[in-house]
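Inspection log for the structure reproduced underneath, given as structure tokens.
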Amino acid sequence: MRTILLLTALLTGVLASGPLRIEAEPGAAVALWPNGAPGALGAEAKDIPTLTPYLPAPGTASGAAMVICPGGGYGGLASHEGHDYALWLNRHGLTAFVLKYRLGSHGYRHPIMLGDAARAVRLVRARAAEWSVDPRRVGIMGSSAGGHLASTLLTHFDPGQAEAADPVDLQSSRPDLGILCYAVITMGTHTHQGSRRNLLGPEPPEELVRLLSNELQVTPQSPPCFVWHTWEDTAVPVENSLQFAAALQKARVPFDLHVYQRGRHGIGLAAPPPFEHPHPWAQDCLFWLAEQGFLSRR
């Protein structure tokens, strides 16, 4: 009886303050290559790139999907820039997929990370029916070094391999849009040195530095982007986002740019689940996603 009374009181309090919110649980991680990833240095968990699906509540899905690349300087993967983003997107009807890509701290270098991101987008499209996703509405999102990886795919995608035996490889790796959160963009003057070292090694050739400086790689075929940064960011200078936006403008690619004065590097949503009061970028991004047709019309 005491337990029943306590539960009744809890539910009464929750209902008085608003609807009961239950966060989605992630699905089982899916190996990007079930028979082993190309270029793998071993067979441990760190050598197996995966995609973890987060499905929105039944009846709320918009049909759009987002592949999420957590940050971490290409040396780690920040949960609040992966798991938390996925839960937040679920609350707004997007199907989310958190990418565990291989890292420089485990001995990997470019183009391994790009290959993992490209495979993730292809896999979502190849299994779109299973996950109730529209293969024409698959975006990519990344923060910090994960933003660099996302911006790399936004500028280095391909249409798929028409003669591939693997049906996943038939799919295009071009995201339909990109969301870049205080992203590392350049490998040049304004780069984050730890990300550059983990991605390219200690003394990369100049042509590789230029190839992975994604402000130099934007074309008119690059997808629309939502780009945000903070002026106070001392780890990844705001010039990264400003230069990428300038390149998008020069190529006549649609974009939404937001620079907020305050906020440290790596702030993510700046709120724990259930994300009732996130950083203003979150609402700005939802407005933009609705304009791109990624949110349900209500």
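Read through the list (1) in contact with a strand residue (DSSP E or B) (Cβ under 8 Å, 6 or more places away or on another chain); (2) β-branched (V, I, T); (3) surrounded by fewer than 20 Cβ atoms within 10 Å (Cβ to Cβ), then give the number of the only condition that T189 fails.
(1)
Would you mention how many residues in the stretch 239-263 are charged (D, E, K, R) and within 19 Å of the chain's Cα centre (by Cα)? So that I can check it myself, show each step before the final result.
Let us first name the residues in the stretch 239-263 that are charged (D, E, K, R), namely 239, 250, 252, 256, 262.
Going one step further and asking which of them are within 19 Å of the chain's Cα centre (by Cα), we end up with 256.
Here the count works out to 1.
Can you name the number of the only condition in (1) over 27 Å from D158 (Cβ atoms); (2) in contact with a Cys (Cβ under 9 Å, 6 or more places away or on another chain); (3) of a type in the set (A, V, I, L, M, F, W, C) that V238 fails?
All conditions are met except number (2).
Any residue at all in the stretch 67-79 that's surrounded by fewer than 22 Cβ atoms within 10 Å (Cβ to Cβ), of a type outside the set (A, V, I, L, M) and touching a residue at least 12 places away in the same chain (Cβ under 8 Å)? Please lay out each step first, then the result.
Restricting attention to the stretch 67-79, the residues satisfying the condition of being surrounded by fewer than 22 Cβ atoms within 10 Å (Cβ to Cβ) are 75-79.
Imposing the further condition that a residue be of a type outside the set (A, V, I, L, M) reduces the set to 75-76, 79.
Among the residues that remain, those that are also touching a residue at least 12 places away in the same chain (Cβ under 8 Å) are: 75-76.
The answer is yes, given that some residue of the stretch 67-79 is surrounded by fewer than 22 Cβ atoms within 10 Å (Cβ to Cβ), of a type outside the set (A, V, I, L, M) and touching a residue at least 12 places away in the same chain (Cβ under 8 Å).
When the residues of the stretch 192-208 are narrowed to those that are touching a Lys or Arg at 6+ places or on another chain (Cβ under 8 Å) and more than 21 Å from G266 (Cβ to Cβ), which ends up surrounded by the fewest Cβ atoms within 10 Å (Cβ to Cβ)?
G201
Can you tell me which residues in the stretch 121-172 are assigned to a loop (DSSP other than H, G, I, E, B), surrounded by 22 or more Cβ atoms within 10 Å (Cβ to Cβ) and over 11 Å from the mean Cα position of the chain (by Cα)? Reasoning before the result, please.
Kept after step one, since they are assigned to a loop (DSSP other than H, G, I, E, B), are these residues of the stretch 121-172: 127, 132-137, 144, 156-166, 171-172.
When the remaining residues are screened for being surrounded by 22 or more Cβ atoms within 10 Å (Cβ to Cβ), the result is 133, 144, 171.
V133, Q171, listed by residue number.
For the structure I just gave you, tell me whether L180 is part of a helix (DSSP H, G or I) and either under 16 Å from the mean Cα position of the chain (by Cα) or among the aromatic types (F, W, Y) (or both).
Numbers: part of a helix (DSSP H, G or I): no; either under 16 Å from the mean Cα position of the chain (by Cα) or among the aromatic types (F, W, Y) (or both): yes.
The answer is no for L180.
From the residues in the stretch 253-298 that are in contact with an Asp or Glu (Cβ under 7 Å, 6 or more places away or on another chain) and outside any loop (DSSP other than H, G, I, E, B), which one is surrounded by the fewest Cβ atoms within 10 Å (Cβ to Cβ)?
H258
If we scan the stretch 82-101, do we find a residue that is surrounded by fewer than 23 Cβ atoms within 10 Å (Cβ to Cβ), in contact (Cβ under 8 Å) with a residue 60 or more places away in the chain, of a type in the set (D, E, K, R) and within 19 Å of L154 (Cα to Cα)?
Yes: the stretch 82-101 contains one or more residues that are surrounded by fewer than 23 Cβ atoms within 10 Å (Cβ to Cβ), in contact (Cβ under 8 Å) with a residue 60 or more places away in the chain, of a type in the set (D, E, K, R) and within 19 Å of L154 (Cα to Cα).
Would you pick out the residues in the stretch 123-178 that are within 30 Å of T191 (Cβ to Cβ) and aromatic (F, W, Y)?
Going through the stretch 123-178, the residues within 30 Å of T191 (Cβ to Cβ) turn out to be 123-124, 138-159, 172-178.
Listed by number, the list holds a single entry, F157.
Tell me which residues, restricted to the stretch 33-60, are farther than 20 Å from S105 by Cα and buried (at least 19 other Cβ atoms within 10 Å of the Cβ).
Those that are farther than 20 Å from S105 by Cα and buried (at least 19 other Cβ atoms within 10 Å of the Cβ): P53, Y54, L55, P56.
Working only within the stretch 193-249, note down all residues that are part of a helix (DSSP H, G or I), under 21 Å from S105 (Cα atoms), in contact (Cβ under 8 Å) with a residue 60 or more places away in the chain and of a type outside the set (A, V, I, L, M).
Applying the first criterion (part of a helix (DSSP H, G or I)) to the stretch 193-249 yields 193-200, 206-211, 214-216, 239-249.
This time we only want the ones that are under 21 Å from S105 (Cα atoms), so: 193-200, 208-209.
If we keep only those that are in contact (Cβ under 8 Å) with a residue 60 or more places away in the chain as well, we get 194-195, 197-200, 208.
Residues satisfying the conditions are G194, S195, R197, N198.
Coordinate-derived values only; no laboratory data. Remember, predicted model here, so these are calculated numbers, not experimental data. Using ideal geometry, Cβ is built from the backbone for each residue, glycine included, and neighbour counts are taken over all protein chains shown.
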